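In what follows, a structure is listed as structure tokens, so that the remarks can point back to it.
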Amino acid sequence: MKSVTTAVIVGMKGTGKSTLLRGMARKATRLFLLDTMREHGGEVEDVYTDAHALSAFFQTNARGPWRVAFQPDLRSQTQFDAACGVVWELGNCLLLIDEVDLWTAAGQMPDSLYQILMLGRHRGINMVCTCRRPANMPLSWRSQADTWAVFRVLCGADIDALEAASVPCVRRVAELPRFQFLWRRHEEDVTAIGEIQPDGSVRLIKRLAATMARAAREEA
Ligand SMILES: Nc1ncnc2c1ncn2[C@@H]1O[C@H](COP(=O)(O)OP(=O)(O)O)[C@@H](O)[C@H]1O
Ligand SMILES: [Mg+2]
């Protein structure tokens with residue numbers, strides 16, 4: 001895998017986050033989808049709801065390729081931690097976590113996730129999470145994220161949090177129509193507006209020039 005990424009997809013409920021996440025999953029050959037709301041089962045070949053069965057599968061299939069979804073019991077932090085542990089051991093994969101807010105308390109995250117966030121890069125673990133409340137994300141996570149997709153967000157605290165993470169033009173997201181999002185890649189200094197299609201593919205609406213991005217930042 002080339003450059004390892006830590007991406008966050010943000011937005012209010014129903015704005016298109018999970019659809020974008022599914023689109024990102026499509027091409028991955030080592031895919032681990034942590035399917036918090038149990039809505040992506042149709043996307044992969046193997047779906048597990050039990051951490052023991054999941055571990056057993058990887059005992060014989062660690063090398064891959066595999067496309068696996070894990071649907072932990074929402075009340076079980078242990079299952080979530082077990083899944084993160086499995087991904088950590090596997091390395092070299094795409095980890096997608098839908099509705100990560102359900103596993104992280106305000107400003108805090110479990111150690112199992114923190115390890116992947118801070119050190120997963122060295123193990124080739126790409127991570128993309130969907131999140132409703134960026135204001136609740138730990139600061140270390142916001143500063144670690146190199147890629148952002150921001151659908152409509154209205155809450156001022158969330159917009160402030162994104163601004164603090166240097167997402168340019170982020171004040172615009174309050175006006176975005178449903179299914180459109182602000183796309184930001186820090187590394188290449190790319191800022192754009194995209195639109196998610198029902199099949200999970202993305203249509204580019206417009207690129208925002210870096211200078212425009214700066215201008216909007218200063219204006220805000
Ligand atoms: N471009 C689109 N046009 C119409 N419906 C869409 C589009 N993109 C997604 N949807 C549908 O909108 C609903 C909400 O999208 P979803 O990705 O689940 O939002 P979120 O995860 O942010 O709550 C889903 O039923 C999805 O299939
Ligand atoms: Mg969703």
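The values are calculated or read from the model by the stated rules, or taken from the named source; none is laboratory data. Source: prediction; values computed, not measured. Neighbour counts run over all protein chains shown; Cβ positions are idealised from the backbone, glycine included.
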**Request:** Those residues that are touching a Lys or Arg at 6+ places or on another chain (Cβ under 6 Å) and in a strand (DSSP E or B), I need them from the stretch 189-205; list them, please.
**Result:** THR191, ALA192, ILE193, GLU195
**Item:** the stretch 13-34: number of residues that are more than 10 Å from ligand 2 (Cβ to nearest atom), outside any helix (DSSP H, G or I), touching a residue at least 24 places away in the same chain (Cβ under 8 Å) and not polar (S, T, N, Q)
**Value:** 7
**Message:** Among the listed residues GLY64, GLY107, identify the single one that is surrounded by fewer than 15 Cβ atoms within 10 Å (Cβ to Cβ), closer than 30 Å to GLN180 by Cβ and away from ligand 1 (no atom under 16 Å from the Cβ).
**Reply:** GLY107
**Prompt:** Which pairs have Cβ atoms under 7 Å, sit 6 or more apart or on different chains, and link a residue in the stretch 97-119 that is under 12 Å from MET37 (Cα atoms) to one that is among the charged types (D, E, K, R) and buried (at least 16 other Cβ atoms within 10 Å of the Cβ)?
**Reply:** ASP98/ASP35; ASP101/ARG132; ASP101/ARG133
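Residue by residue, here is whether (1) modelled with pLDDT under 95; (2) over 27 Å from ASN92 (Cβ atoms); (3) in contact with a Leu (Cβ under 7 Å, 6 or more places away or on another chain) holds:
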{"position": "MET127", "(1), (2), (3)": "no, no, yes"}
{"position": "PRO134", "(1), (2), (3)": "no, yes, yes"}
{"position": "PRO138", "(1), (2), (3)": "yes, no, no"}
{"position": "TRP141", "(1), (2), (3)": "yes, no, yes"}
{"position": "GLN144", "(1), (2), (3)": "yes, no, yes"}
{"position": "THR147", "(1), (2), (3)": "no, no, no"}
{"position": "ARG152", "(1), (2), (3)": "no, yes, yes"}
{"position": "ASP158", "(1), (2), (3)": "no, yes, no"}
{"position": "ALA161", "(1), (2), (3)": "no, yes, no"}
**Complete:** If we keep only residues of the stretch 1-12 that are in a loop (DSSP other than H, G, I, E, B) and among the hydrophobic types (A, V, I, L, M, F, W, C), then the residue nearest to ligand 2 (Cβ to nearest atom) is MET12
**Fill in**
Only unsatisfied item for GLU39, checking (1) closer than 30 Å to LEU139 by Cα; (2) more than 13 Å from ligand 2 (Cβ to nearest atom), is (2)
**Request:** Of the conditions (1) away from ligand 1 (no atom under 16 Å from the Cβ); (2) under 19 Å from ALA135 (Cβ atoms); (3) touching a Cys at 6+ places or on another chain (Cβ under 8 Å), ASP160 clears all except one; give me its number.
**Result:** (3)
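This table checks each residue for (1) closer than 30 Å to ALA157 by Cα; (2) of a type in the set (Val, Ile, Thr).
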{"residue": "LEU34", "(1), (2)": "yes, no"}
{"residue": "VAL44", "(1), (2)": "no, yes"}
{"residue": "VAL68", "(1), (2)": "no, yes"}
{"residue": "ARG75", "(1), (2)": "yes, no"}
{"residue": "VAL86", "(1), (2)": "no, yes"}
{"residue": "LEU90", "(1), (2)": "no, no"}
**Asked** Out of the stretch 191-220, which residues are hydroxyl-bearing (Ser, Thr, Tyr) and either modelled with pLDDT of 95 or more or surrounded by 13 or more Cβ atoms within 10 Å (Cβ to Cβ) (or both)?
**Response** THR191, SER201
**Prompt:** Do you know which residues across the stretch 86-117 are in a helix (DSSP H, G or I), in contact with a strand residue (DSSP E or B) (Cβ under 9 Å, 6 or more places away or on another chain) and either more than 16 Å from ligand 2 (Cβ to nearest atom) or among the polar types (S, T, N, Q) (or both)?
**Reply:** VAL86, VAL87, TRP88, LEU90, LEU113, ILE116, LEU117
**Which numbered condition THR130 misses (of (1) among the hydroxyl-bearing types (Ser, Thr, Tyr); (2) within 16 Å of ligand 1 (Cβ to nearest atom); (3) farther than 20 Å from ASP146 by Cβ)** = (3)
